[in-house]
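The structure appears right after this line, and notes come after that.
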Amino acid sequence: MSETLQKADPFIEIDGELCKGCKLCIDVCPKTVISISDKLNGSSYHPAYYLGHDCTGCGLCFYACPEPAAIRVVKP
Amino acid sequence: MKVFEKPTSFYPRFERKGGPHKETTHYCPGCGHGNVHKMIAEAMDDLGIRERTVFVSPVGCSVFGYYYFDCGNIQAAHGRAPAVATGIKRANPDSIVISYQGDGDLAAIGTAETLHAANRGENITVFFVNNAIYGMTGGQMAPTTMIGQKTATTPRGRIETEHGNPIRMAEIISTLPAAGYVERVAIGTSKHIMKARKAIRKALTNQVENRGYSFVEILSVCPTGWKMDSPDARDWLLNEMTQVFPLGVYKDDAGERENEWYRPVEPFVPEKVDAYFSAGNFEEADEPIKLDKSLQCKFAGFGGQGILTLGLFMAQVGMRGKLHASWIPSYGPEMRGGTANCSVNLSEARIGTPLVDRPNVLVVMNQPSLEAFEKDVVDGGTILIDSGIVESKPDGDRLNCILIPATKIADEVGTPKVANVVMLGALCAATGAFELDFVEETLRAVVKKRNLVDMNITALKRGYDFVRNGG
Ligand SMILES: Cc1ncc(C[n+]2csc(CCOP(=O)(O)OP(=O)(O)O)c2C)c(N)n1
Ligand code: SF4
Ligand code: SF4
Ligand code: SF4
């Protein structure tokens, strides 16, 4: 039961290799569920990552992100 | 389920882009171009227009639009995108044409193209990304740079008295009657971004529905040129730029437009203007005149013989007869030698060029003109010569030659000034293209000096009779 509920939760996927670490997604997220990594990606940026819970699927981070494919938002 | 993901109007991989990274843009982190691209691509998906969209990239950081958009792409010379877009749209009216431009491109080097495309009300969509700086070339002052803003070329900040004020394109374009939809939006907070998204979709929808010219100015950020991190840049945009560039809809009558050629009525009465120009004063014939073949006429003689007016009369006869007509005077160096010539085309079909290189009718009223133009006349063409002035004779085997002492006849009528109209009468008789009555009525309508009308009519008839009846 709790598993199916969790599956139905909205979530985002950030492709750390396509992220340029501009932090704009972090700035706009109303739930502050995105953070920035300490590690560098292959292009020498600190990529953003999803904290893994409480996303509402509002899509605002998707539009704030200038990169075509860095963020994907799924709202089941 | 709702998924927000990379629009399919982007290429799956950006193969045209150099280097190893084929899924990211070439833009700096936080650059506003990326957001605008994404919203345009999304709108292309949703409106189903990718297959017929032509994206015109500018010169500037977005010069590489063709890396990303999976549609038709053309990259225009700096500032010329709206002119290129005009050509594409007119040649392919079914295409959806986007002119995407930065502030240096649109509001500096391309100001003329920008304003005139808007003034013509081209049925295109212009996205103007205003980031208050020349990004690509390394952060120089742009026409939209803010007062006090430091750039590579304004190290002490832009100074109003030295560099002028930031130029407000949305405001300027909204004064043009033919521009349909003009809005300024910003890549700022989420709320602003969603408004920008709506404006982008609306501007494209207008074009899909043939509602004419749409212009969306998008206040954007250039974190690199501004030397700020991305969130600070967005704050500066919202706090400072929007003061000078207020957001909002500046004009929107696109929705009322029935088609792309709709133009609001200007507050002047065309008839009042026409009254000053004789060309507008006549009533056209009920039926178009039938021509056996189109007429390519050249008229040449001394300045002062009324050569240009003769050509104009001929063109007006054609216009009144619902033919396609062109008249173009030659302003070549020969004008200074005291000679004048003009070319007239009359045709049932549309005219490609107003120039006449190979006339089938040549009217010459002085010796040098015969020497200059006889050889150009096509075989079997007609040549009319004022035999009282021109001494030599043209090649009668090759050409249909009509010699008429036009100036002498005009003298008899009352003034040598109407020699040109004697020639017009002779020309009508020689070509058989127009009824004498019809030409007479046209002359009555277009001769400007009312006291000369009767003399002109007499001259016309004398020229006509001379050819038809030998005098
Ligand atoms: C005819 C010509 N003149 C000048 C340049 C140099 N140039 C390249 S980009 C640019 C300005 C770009 O600024 P903007 O239009 O604001 O675009 P951004 O890079 O900021 O997006 C200039 C002047 C050029 N490429 N071609
Ligand atoms: S979709 Fe909304 S809630 Fe979820 S991470 Fe993005 S901005 Fe935050
Ligand atoms: S907005 Fe996009 S590029 Fe910027 S940090 Fe977030 S995911 Fe990365
Ligand atoms: S220089 Fe400015 S406009 Fe150009 S890509 Fe970088 S941030 Fe964008």
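The values are calculated or read from the model by the stated rules, or taken from the named source; none is laboratory data. As the structure is a prediction and not an experimental result, all values here were calculated from the model. Neighbour counts run over all protein chains shown; Cβ positions are idealised from the backbone, glycine included. Accessible surface areas use protein heavy atoms only, side chains included; no ligands, DNA or RNA. Shrake-Rupley method; radii C 1.70, N 1.55, O 1.52, S 1.80 Å.
For region B:381-431, the square roots a ≥ b ≥ c of the C-alpha gyration tensor eigenvalues yield an a/c of 1.5 or more together with a/b not exceeding b/c, which makes the shape oblate.
Ranked by the mean number of other Cβ atoms within 10 Å of their residues, highest first, the peptides B:143-149, B:170-176 come out as B:143-149, B:170-176.
Please compute the net charge surrounding A:Ile14, taking Lys and Arg as +1 and Asp and Glu as -1 over other residues with Cβ under 11 Å from its Cβ.
Numbers: positive: A:Arg72; negative: A:Glu13, A:Asp15, A:Glu17, A:Glu67.
My count for the surroundings of A:Ile14 gives -3.
For B:Val378, the solvent-accessible surface computed with a 1.4 Å probe is close to 40 Å², ligands and nucleic acids excluded. Once the Kirkwood radius over Cα pairs is known for region B:290-396, the Stokes-Einstein relation at 4 °C and 1.567 mPa s delivers a diffusion coefficient of 93 µm²/s. Among residues other than B:Asn469 with Cβ under 15 Å from its Cβ, the summed charge is +2 (Lys and Arg +1, Asp and Glu -1). The 3J(HN,Hα) values that the Karplus relation (6.51, -1.76, 1.60; θ = phi - 60°) gives for region B:440-447 are, in residue order, 4, 4, 5, 4, 4, 7, 9, 5 Hz. Gly and Pro appear as x.
Where the eigenvalues come from the Cα gyration tensor of region B:5-156, what are the semi-axes √(5λ) of the equivalent ellipsoid, largest first, in whole Å? Before the final figure, lay out each step's value.
Numbers: eigenvalues 127, 90, 28 Å².
Equivalent-ellipsoid dimensions as semi-axes: 25, 21, 12 Å.
Could you compute the longest span of chain B free of chymotrypsin sites (Phe, Trp or Tyr not before Pro) located in DSSP loops and having at most 13 other Cβ atoms within 10 Å, not counting the site residues? It works out to B:1-260. Segment B:Ala372..B:Ile159, full-extension length gain: 70.7 nm, with 0.36 nm per residue of separation and the alpha-carbon distance subtracted.
Compared with the rule-of-thumb size 2.2 N^0.38 Å for a compact globular protein, region B:33-256 has a Cα radius of gyration ratio of 0.94. Within the straight-line cut-off of under 30 Å between alpha carbons, the lysines reachable from B:Lys251 are B:Lys38, B:Lys89, B:Lys191, B:Lys195, B:Lys198, B:Lys202, B:Lys272, sequence neighbours fewer than 8 places apart in one chain being disregarded. Note on B:Lys322: accessible area is roughly 80 Å² with a 1.4 Å probe, heavy atoms of protein only.
Of all DSSP-defined beta bridges confined to region B:33-256, some 15% are antiparallel rather than parallel. With pairing defined as another cysteine C-beta under 4.7 Å, the cysteines of chain A that fail it are A:Cys19, A:Cys22, A:Cys29, A:Cys55, A:Cys58, A:Cys65. Across all Cα pairs in region B:291-468, the calculated P(r) in 10 Å bins from zero up to the longest distance comes to 11, 43, 38, 9, 0 percent per bin.
Here the Karplus relation 6.51 cos²θ - 1.76 cosθ + 1.60, evaluated at θ = phi - 60°, turns the backbone of region A:16-22 into coupling constants of x, 7, 9, 8, 10, x, 6 Hz, with x for every Gly and Pro. Normalising the Debye intensity of chain B to I(0), with uniform scatterers on Cα atoms only, and taking log10 at q = 0.09, 0.10, 0.14 Å⁻¹ returns -0.74, -0.80, -1.11.
Per residue of B:20-31, count partner chain C-beta atoms within 10 Å of its C-beta, then hand back the mean as an integer. Can you show the working numbers first?
On the way: counts 2, 4, 0, 7, 12, 6, 0, 3, 3, 10, 9, 4.
Averaged over the peptide's residues, the number is 5.
Please give the contour-minus-distance gain from B:Ile74 to B:Lys198: 0.36 nm per residue of separation, less the Cα-Cα distance, rounded to one decimal in nm.
Extra length available between B:Ile74 and B:Lys198 comes to 42.1 nm.
The C-alpha atoms of chain B define a longest principal axis, and helix B:111-120 lies at about 70 degrees to it.
Once all protein chains are placed together, B:Lys198 keeps about 150 Å² accessible to a 1.4 angstrom probe.
Candidate cross-link partners of B:Lys408 among the lysines, defined by an alpha-carbon separation under 30 Å and a same-chain spacing of 8 or more, comprise B:Lys298, B:Lys375, B:Lys393, B:Lys417, B:Lys448, B:Lys449, B:Lys461. Largest first, the extents of the alpha carbon coordinates of chain A on the three principal axes equal 42, 21, 19 Å.
Taken one residue at a time, the phi angles of region B:399-412 give Karplus couplings (6.51, -1.76, 1.60, θ = phi - 60°) of 10, 7, 9, 10, 9, 9, x, 4, 5, 4, 4, 4, 4, 5 Hz. Gly and Pro are set to x. Legend: P(r) of the protein assembly as shown from all alpha carbon pair distances, 10 Å bins from 0, whole percents, reading 4, 15, 20, 15, 11, 12, 11, 8, 4, 2, 0, 0.
Its alpha carbons considered, region B:126-221 gives a radius of gyration followed by a Dmax of 15.2, 48 Å. Values of log10 I(q)/I(0) for region A:19-61 across q = 0.21, 0.26, 0.27, 0.30 Å⁻¹ run -0.64, -0.88, -0.92, -1.05, by the Debye formula with one identical scatterer at each alpha carbon and no solvent.
For B:Met141, B:Met169, the ranking by accessible surface with the largest value first comes to B:Met141, B:Met169, using a 1.4 Å probe.
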